Amino acid sequence: MRSRFAAPSTRLALAAVAAVAVTATATTTAAATTDHRSNAVRACATKDLSFKVSLKTQAGGYFLVTAKAKSGITCYLEGLFPAASFGSSADTEVAPAEHSVSERVTLSGSAAAYAGINPKTTNGDHGKQFDFLHLSVAGDEANAVTLTLPETATVDRPVATNWHADPADAVPFAN
């Protein structure tokens, strides 16, 4: 009779040990998965970045946009041109100045990405005047930021380069 009473408590003890082992394994697996994901660099959203616009005289004049990740953020920009426009009409939206995708640029700390925007790719004196640039990461247009230009721009068929790690690669040469 004594063995009859021992058997259920032994089974209960084994079940408790098994439950602890399963829980520990699940926790370790979840932690490993979480750690793996936190080390992965994600795509930048517009809100992850701070932007600066400067005027450059090379190639007939253009605006150089510098993007940096905000403090504590590490993300990447695909080598595509930024979503940008000078106004709300379609004719002020920038078109790509490059016909292929550039290398991905990872931003963190002081690392920066650069895109060049030429506001006027036509000859002549016509165009619309603007003091602001609306800019976002491609695909995140709903969260665009408005940047003050260093000087008023005459806009007619604007183009932008892709994001580059080197500002020298972000010069939008006119064809």
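Hey, what did region 64-127 get for relative contact order, percent, Cα under 8 Å, at least 6 apart?
With pairs under 8 Å counted, the relative contact order is 49 percent.
Obtain the nm distance between the two label points defined at residue 128 and residue 47 by a simple spin-label model: each point lies 7 Å from its Cα along the Cα-to-C-beta direction.
Label-label distance for residue 128 and residue 47, simple model: 2.9 nm.
Taking Cα centroids, how far is region 37-70 from region 150-175 in Å?
Between the Cα centre of region 37-70 and that of region 150-175, the gap is 13 Å.
FYI, it's all coordinate maths here, none of it is from the lab. Here the structure is a predicted model, which is why all the values come from computation and not from measurement. Positions of Cβ are generated from backbone atoms using ideal geometry, with glycine treated the same way; all protein chains shown enter the neighbour counts.
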